[in-house]
1. Using alpha-carbon pairs under 8 Å, 6+ residues apart, how would you state the relative contact order of segment B:169-294 in percent?
2. Order these peptides, B:95-104, A:68-77, B:250-259, by their mean beta-carbon neighbour count within 10 angstrom, highest first.
3. When you count, for each residue, the other Cβ atoms within 10 Å and take the mean per peptide, how do A:200-211, B:63-74 rank with the highest first?
4. Which lysines does residue A:314 reach when only Cα atoms under 29 Å apart count, and residues fewer than 8 places away in its own chain are ignored?
5. Can you compute the FRET efficiency between residue A:100 and residue B:91 using 1/(1 + (r/R0)^6), with r the Cβ-Cβ distance and R0 = 51 Å? Round to the nearest 0.05.
6. For peptide A:387-396, how many partner chain Cβ atoms fall within 10 Å of a residue's Cβ, on average?
7. Looking only at other chains, what is the average number of their beta-carbon atoms within 10 angstrom of each beta-carbon in B:40-52?
8. Given contacts defined as C-alpha pairs under 8 Å and at least six residues apart, what's the relative contact order of chain A, whole-number percent?
Amino acid sequence: MRKKSILAALSLSLATSVVATSVASAADLRMSWWGGDGRHVATQKALDYCTTKTGHKVKAEFAGFEGYLEKLTTQMAGSTEADIIQVDWPWLFQFSKEGEGFADLKQFSGDLDLSQWNDSQLAPAMIEGKLNGVPVSVTGATYYFSDEIYRKAGLELPKSWEDLAAAAKKMNPDGVYPFDSTRVILMLMIEAFAAQISGQEFVKPGTNELAWTAEDIAGALKHYQWMVDNGIVRSAKDAAAVGNVEIFDDPAWVSGRIGGTYFWDSTYSKYDDPLTVGKLVPAAPLKIEGAKSDGVYKKPSMVFAISRHSKDQKAAAQVINCLLNDKDAILILGDSRGLPASAIAKATLEEAGKLTRERLDGAKIVAEATGPVMSPLIEHPSVQEVFKDVIEQFAYGQMTAEEAGEEMIDGLTRALRRL
Amino acid sequence: MSGDSRLLGFWYVLPYLIGLLVFTAIPFLGSLYLSFTDYRLMQGASFIGLENYTDILTRDRTFTRSFNVTMLYVLITVPLKLAFALFIAGVLNSKLKGIGFFRTAYYVPSILGGSIAVAVLWRYMFADTGFINMMLTSIGFEAINWFGNPGTALFTITLLRLWQFGSAMVIFLAALQSIDKSLYEAAAIDGAKPWRAFFAITLPLLTPVIFFNLIMQMVQAFQEFNGPYVITSGGPLKSTYLLPLYIYEMAFKKFDMGYASAIAWVLFAVIMVLTLIAFWSSKHWVYYAGDKRS
């Protein structure tokens, strides 16, 4: 009896070791990303598919955008980041100043089909000759208006700021604003206005030296004040009445009391999904008087990178290839990350009719618009803090446009010097 | 007692000691060291002496603003909360029918109050179209922009903290119940009115508990984070930008860990000094049983 038990135990342990060996041939990976519910669901389904396709198990770690950078930074500092990481493009330069922060994806060209991206698409993710990530989608900021709200008011969608001022006169008596610009959106718009006025990016190309002048910024702020004075947008004080929420969570937005706003075209769903009436239609950039360019910022909306600490970078490259270049995975992911940058992904979605007209039109408007080559420095937290603080003080009447312009130049110069 | 038996107690507390050492003592001292460096996440640290502290105390306008707001918040919140907790404890000390239910009900906010969910609820309640403004407009008042005005924004954060009066109240209630009833009977025989009895008997006998609650509530108020983070994000115009929020943003948004550690140590010093002042002053106003002055 005892002999039989020993034999049984031995055969069981042998069988277990065989199973363990076969599992060990596939990698256990982690992947982290930010996004909304739609993206979370689609990505998890696509990862399930890629597990069957590649044999690698991938543990999903997902969250909203708020707090994602803080978590990622802590993980990067402790070398505990996931194997595959969704990274906002400007962050690449914080984590990988000399190109060593992430794995060089060129080393895995046998597993990851880099021919699906052209050189100009890969260039922004190239640091010191090392490819730190592959762009998932390309994005740009432009204007979106609610077709239903304008239809109800008997108006065409605005093509100029004067159209918006006229729309405000008609809509304001009903408690409706034709547009909205608060918090992060207001910061983005002030940057776009200053880029229109100056015709250039806020720093001189490739340097930390400020290119904008106090007059450029004062001009941008004065235009914002004109928007408030003409009832085009809510004042900062009125918009703050709802508390610390983004516009897509604002009851005024959800219930159709705001006719449009300004955002990155890759985030279309985030703004359109909560609407209870109508849908958002993209519009060409509105120019302020004397604009030297459209002032449209474009950037890779996000990249997929591989941790330099990953124990199986080859497996991670195979999973990324599956997510971005495999037709079935592409159809599962759909446009959950905007218009794909990978050629095969874009073609697959177009063939399958999975890209909505709004999505395609938005991308076309952004692609055709002119604007400065965006410096990743503009999204550095220290730089953004200066923009946010000075714009808020101006919006609350604490300083004039000229004073705010000077204050911002001082703050930005100091912030840039420290970077 | 044999050597093994003497060691037994040590083995029992060892897990706690390890936890204290690893999760409290080492990070505590580590942050003191970091405060003298320019350590940024993802970059190395160099020793820079007192530079962070001199920057904080002489050049940093955001710190000055945040410090003033924090002091104002503590000065308003702590006395109001103590007074409110004592008032409710006085009410719940009476012999009412179903008093056990009321005591439990009043304690519930303290269990829930610190959570993110309640902060979110608070945000909805005080929003422009929220419950509070609906109530105000239904009785003929104008709606108030609670979060848009610097003054009222701090007030809403203060109210959230006041609402969590339960723990202070329970301690007051226990102290009230331990006061000898014969003292009140003697005072009544001498013709003392209730207010006189309150100021001559209740308040002096409660001073040790008031002192305890004062220290605890002050320390907690200086550490308030959830409310301003969720409800106002420190705005508008940094009117609710309490120091813990500034420390968090400096550390985890700008990754300037050295500077954030220095602010944390300045906050620690402020709490320490105020606590020492409270202890020093306590000999003039706190009365303990058996104390000759009492």
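Values in this text are rule-based calculations from the coordinates and carry no lab data. What you see is a predicted model; the values in this text were computed from it and never measured. Glycine also receives a Cβ, built like all others from the backbone with ideal geometry; neighbour counts cover every protein chain displayed.
1. Reported as a whole number, the value is 24 percent.
2. Going by the mean number of other Cβ atoms within 10 Å, highest first, we get B:250-259, A:68-77, B:95-104.
3. B:63-74, A:200-211
4. Filter leaves A:45, A:53, A:57, A:59, A:71, A:97, A:106, A:130, A:299, A:327, A:346.
5. My answer for the efficiency is 0.20.
6. Mean number of neighbouring Cβ atoms from other chains: 2.
7. Shielding by partners across B:40-52 averages 2.
8. Answer for chain A is 26 percent.
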